[in-house]
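Notes to accompany the following structure.
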Protein chains: 2
Amino acid sequence: MNESNLCPRLAKAMDLIGKRWTGLILYQLLDGPQRFNEIESSLPVSGRLLSERLKELEKEGLVERKVYSEVPVRVEYSLTDKGWALEGAIRNIESWATSWL
Amino acid sequence: MNESNLCPRLAKAMDLIGKRWTGLILYQLLDGPQRFNEIESSLPVSGRLLSERLKELEKEGLVERKVYSEVPVRVEYSLTDKGWALEGAIRNIESWATSWL
DNA sequence: ACTCTTAAGTTACATTTAGTAATTAAATAA
DNA sequence: TTATTTAATTACTAAATGTAACTTAAGAGT
């Protein structure tokens, strides 16, 4: 399709962040560790996709998943250092949204 | 699905930027005005979607479209002020990608 | 033992969006 | 008249998303 010299890391970053809901999930986690249901109720995302996205983010090392064997079970998701490193970008989008939308 | 107090502007920003290819199209335009074919060859995006995305970005006021009645026709796309205002966010993602991917 | 409750998912299926390749439109040049 | 070039659009297939029902696990109550 092309002979581009597109940076593969940027392409991957955009693919990751650009996936639907991912940005907003990360934004939610800037408020601190949250359990599955908290994230689900804070965003118009379904359990199906939330589960899928959290798995991707965990696999990419942006998010950490912790299971607490309480009753009923509690599962908490939080940002890793790699995830926190995106805070600047996310805040930047947030302030752009405030100024321009 | 939820009772969220999700900021509608942030939601819209994420929906826009989070759409596939949009981030990379904007990134390309940081290099200056470019014609349709230039963008198409610089990214692994098809003409169909590139056309669709550029229309959305034009409609949202991030991108400007200029037609030059040369032969054959030349169509140039460039960032508006609103589009340029996203430069910080995009560069931020770029540097995150360099550091973490 | 058996049913109930709750969180955290998963599954099945319909709808929407994206990918691919062929086609069209407009303006000229040969 | 036919060919060429850019900028799309169209028709069709494949993949991603939305929706709602279902499952699993671990007690708690009777």
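Just so it is clear, none of the values below were taken in a lab; they were calculated from the coordinates. Just so you know, these numbers come straight off a predicted model, no measurement behind them. Cβ sites come from the backbone with ideal geometry, for glycine too, and all protein chains shown count toward neighbours.
The HN-Hα couplings worked out from phi for segment B:8-14 by the Karplus form 6.51 cos²θ - 1.76 cosθ + 1.60 (θ = phi - 60°) are x, 6, 5, 4, 5, 4, 5 Hz, whole numbers, x standing for Gly and Pro. Using the average count of surrounding beta-carbon atoms within 10 Å as a protection proxy, the listed peptides A:66-79, B:72-85 rank, highest first, as B:72-85, A:66-79. Close amide-amide hydrogen proximity is noted between residue A:75 and A:36, A:68, each under 5 Å apart and 5 or more residues distant or on a separate chain (H modeled in the peptide plane; Pro and chain starts excluded). For chain B, the number of Lys pairs separated by eight or more positions or lying on different chains, with C-alpha atoms closer than 15 Å, is 6.
Mean separation of Cα pairs under 8 Å and 6 or more residues apart, divided by the residue count, gives segment A:8-100 a relative contact order of 28 percent. Across the identical copies, the label point of residue A:35 (7 Å from Cα in the Cβ direction) is separated from its matches by 5.9 nm, in order from shortest. What net charge is computed for the residues neighbouring residue A:27, neighbours being all others with C-beta under 10 Å from the C-beta of residue A:27, Lys and Arg scored +1, Asp and Glu -1? Result for the neighbourhood of residue A:27: -2. When only the Cβ of Lys, Arg, Asp and Glu is charged (+1, +1, -1, -1), the dipole of segment A:20-69 relative to its Cα centre reaches about 140 debye. As an equivalent ellipsoid, the protein assembly as shown spans semi-axes of 35, 17, 14 angstrom, where each value is the square root of five times an eigenvalue of the C-alpha gyration tensor, largest first.
Shielding value for A:39-47 is 3, the average number of Cβ atoms from other chains within 10 Å of each residue's Cβ. In sequence order, segment B:84-89 has phi-based couplings of 4, 5, 8, 3, x, 4 Hz under the Karplus curve 6.51 cos²θ - 1.76 cosθ + 1.60, θ = phi - 60°, and Gly or Pro positions carry x. What the Kirkwood sum gives for segment A:1-60 is a hydrodynamic radius of 12.7 Å, with every pair of different alpha carbons counted.
The tail of the calculated P(r) for segment A:8-100, taken as Cα-Cα distances beyond 24 Å, holds 19 percent of the pairs.
Mean residue ellipticity at 222 nm, helices only, the protein assembly as shown: -16000 deg cm²/dmol; runs of at least 4 DSSP H residues each add -39,500 (n - 2.57), and the sum is divided by the number of residues. Ranked from shortest, the separations from the 7 Å Cα-to-Cβ label point of residue A:95 to its equivalents in the other copies are 1.3 nm. Computed from backbone phi with θ = phi - 60° and the Karplus coefficients 6.51, -1.76 and 1.60, the 3J(HN,Hα) list for segment A:23-39 is x, 6, 5, 4, 4, 4, 6, 5, 7, x, x, 9, 8, 3, 5, 5, 5 Hz; x is used for glycine and proline. Counting Cβ atoms of other protein chains within 10 Å of each residue's Cβ and taking the mean over peptide B:83-90 gives 4. Net charge dipole, chain B: roughly 180 debye, given to the nearest 20, about the Cα centre with Cβ charges of +1 for Lys and Arg and -1 for Asp and Glu.
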